[in-house]
Structure formats: C-alpha cells, structure tokens
C-alpha cells in the first residue's frame, strides 16, 4: 500500500468521525484525511485533494451516500467508495454494491474497515495495471503489422535482385562462349593470313583487355551474389529456429487438443453426453493457450528480426512454473503423474518471459516423457548468491547413464530417445534450453541415476 494514503471522509457526526480515524490509526494505516459534510465541500475536495479512497456515511442532513457516489462516478470513476453506516440494512448494502459501490462497513464493526480498504485499493491498482497492459498490447499489435509489411517488401526486393543476377550470369556465360569462338577463329586466320599478323596481334590485345574487363565484372557480380546468398542463409536460419520454437512450444497443447477432440467425438458417437463437458472445456482452454503461445512466438519472431533476442523483466518464478504446468496438464493424464510446484513465493527473477516459459516447458516435458506411470515431477528453487537463482526440475523416472548425462547439453546433434510411453521428439528442445539459459548468463548441470530419476539444474538472474 502506498505511503500517506489520502482518505476523504463524508460524515456529519464528529464523534463518529473521531472513532473512525482512531480505528484506522490503530490498524497501522499511514494516511492523511479530510472530513466534509456538504456537497460543495465534497465536490471541491474531489478535485483539489484527489483522494485515494472515499468513506461515506449513508445519510446526512442535506446529503446522502448515493448522491455522493454518483458524483464520484462522474468525476473520478476509479476511486474506491466505501459506505460506513449504522443504519443501512444488508439488502440495501447488497443493492448498492451491485450498482458499483466498492463495499460497506457497519459503524459498530469498524474493525472490519481497514482490511476492506486494503482490498479495495489493491483491486483498483490491479484494474489500472490491466488497462495499461491492454493499451500497450494494442500499440505492439500495430507496430507488428507495420514490421510485417516492411518484411514482405524487403523479401520482394531481394527476389527481384536474385532474378536480375541470374539473368546477368547467363548473359556473361554467353559472352564468354562467344569470346572463346572468336579466339579460335582469329587463331586460324593468323596462320592463313601471316601478312595481317600485326593487325591480328592488335586485335588479340584488344580482345584480351576486353576479356580481363569481363572477368573483373564477373568477379564483382559473383561477390554480390555471394553476399546475397549469405543474407538468404541467415534468413533461413532464423526461419528454421522460429519453426523449431513453434514445433516444441505448440506440440504439447496440440496433442492435448487432439486427444480431447478424439474422446469428445467418440462420446458423441456412443451417445455418452454426460462426459462431453469436461473435454469441451479442455478444448476451449487448450485453444486459448495455443493462441496465447502463438502471440508470444510472433513477438519472439519480431525480436529476432530486430536482433534483440533478450527482453528481461521482473517475473514471479512460482507463477511462471504454474503456467507451464497448466499447459502440460493433459500430458500427465495417461501416466497419472503428479506435478508439484515447490518454488518459494518470494523469489522473483529477471528473465525474458517467452524464453523462461520455453526453458521450463521443455525441461518439465522431458521429465514427464521419461517418468513412469504414477511418478512425480517437482520444481524447486533457491538463491545461490545475491545475483543468481538455481532452479531444479526433479523426476522419479528411468534416469540416464553417466555417458549421456555428462554430455547432455554439449552434443552437437543430440538424439531424442523414446519416452516411457513411446513419446517421440525432435531432439531440438535441449538445444533451445541451452541457448536461452546461456543468453541469460546462466549455467546448466545434470544429476541422474538409472531407475532413480534425474535432476536438471539451471541458473537465472535474481531480480
């Protein structure tokens, strides 16, 4: 809660106002207050005092809480409004809250007021934050549309340049062939027409110079073509990496969506309608998650184009793990695996949102993949110094041989072994994990025992 909270109190009874202020001070609130009785003073202070919250008696001699609330809604709709009264009934209070009043408290139960004030201020802050985020998302969407148009234009220009270079290369090739034939004819004429030797020598010198100029032009054009090929190669590498991120981050929710839709179709064919609703909810939730991930991947592609691959911000680590667990719920159903989030609630990290989600989702997916039925996958974390946090993904699965675990992240082309339920993979997940952890300045290590399970540790900056 912000220091020096500004409270505007609408109360005509000074004794009641004193009791109210005494209760607020006793609760430990740090605040300044203004007390008004008339409508004019109330409207003036709404503008001049700019309160953080309004506490109003329900009925005053020449004024009432309902009128005060409507005035506040017109001028400052975001300010919380709490009615404090001894005469208002429960039904009236409920109706007022339905109309938009934040809360109410009885005068004989003032001890309930401080927590209601704290809750109202917290709700207001969260609502403002959501509005700010929504506005930022609109701006980012507009910028993304502009960037996409520019990228299409650049690709069209590069394709045109490539076509021009191909045509030029063919023309140069034809000119070389013509020069070769001309040299052969000149050589034959030199033997037959010795009297024209000087003229032929001069002609040959001219042709040699022309050939050198043409070769120089060919070398210059070849260099331009090589530069263009390098640019196209870089674009293909970015495209391949983007497709790899898509294939890994969307495989799990798409698998869940396919399984749920198959089950839904089977139940409809068998007229088992009472079991349809859970699978319909799974399809809805998974579709929403896929859309959210696609939006994140589009943002990631934009960052790749701008060569700004890391965008760190303050993230709540436990909440990030919960989001990854939510995306993997369907994966654990067939194996009856338990997911545990044991991250302390006070740990925050400084990380890129998309990269951290990809790290967690890939490592937890691998833990599920190599766990047996009825197994346990848990995530723990602790601070190892003032700068870094170490996160560990632990499973009770089949484990790995030392020859594999010691080189797990150093293999140039790691193979993806089949999971305990014949799950398949492309082997690219650990490469992405290593790349993203390294970009955060972190490290990776593995501890594993056959038939005991595996612990994969990675470090990430502490906020």
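Can you compute the FRET efficiency between residue 348 and residue 420 using 1/(1 + (r/R0)^6), with r the Cβ-Cβ distance and R0 = 51 Å? Round to the nearest 0.05. Using R0 = 51 Å, I get an efficiency of 0.90. Ranked by the mean number of other Cβ atoms within 10 Å per residue, highest first, peptides 87-96, 438-447 order as 438-447, 87-96. Between residue 255 and residue 90, the distance separating the two model label sites (each 7 Å from Cα on the Cα→Cβ line) works out to 5.2 nm.
Express in nm, to one decimal, how much length is gained between residue 176 and residue 59 on full extension, taking 0.36 nm for each residue of separation and deducting their alpha carbon distance. Before the final figure, lay out the partial values.
Working: separation 117, 0.36 × 117 = 42.12 nm, distance 10.15 nm.
Working it through step by step, the gained length comes to 32.0 nm.
Modelled spin-label separation between residue 209 and residue 272, with each label point placed 7 Å from Cα along the Cα-to-Cβ direction: 9.1 nm. Multiplying the residue separation of residue 108 and residue 184 by 0.36 nm and subtracting their alpha-carbon distance yields 15.8 nm. Here the range 310-461 is described by how far its Cα atoms reach on the three principal axes: 39, 33, 24 Å, from widest to narrowest. When you work out D = kT/(6 pi eta Rh) for the range 5-129 at 37 °C and 0.692 mPa s, using the Kirkwood radius from C-alpha pairs as Rh and the Stokes-Einstein form, the result is 228 µm²/s. Extension gain for residue 382 to residue 169 (0.36 nm times residue separation, less C-alpha to C-alpha distance): 70.5 nm. By the compact-protein rule of thumb, 2.2 N^0.38 Å, the alpha-carbon radius of gyration of the range 166-237 corresponds to a ratio of 1.61. Place a label point 7 angstrom from the Cα of residue 452 along the Cα-to-Cβ direction, then list the residues of the range 335-375 whose backbone nitrogen is under 20 Å away. Label zone hits: 367-368, 370-373, 375.
For a paramagnetic label modelled at 7 Å from the Cα of residue 71 toward its Cβ, which residues of the range 13-55 fall within the zone defined by backbone nitrogen distances under 15 Å? Taking a point 7 Å out along Cα→Cβ of residue 71, the residues of the range 13-55 whose backbone N falls under 15 Å are 34-51, 54-55. The simple Förster model, with R0 at 51 Å and r as the Cβ-Cβ distance, assigns residue 162 and residue 341 a FRET efficiency of 0.50.
Coordinate-derived values only; no laboratory data. Predicted, not measured: the structure shown is a model, and the values here were computed from it. So basically every Cβ, Gly included, is an ideal-geometry build from the backbone, and we count neighbours across all protein chains shown.
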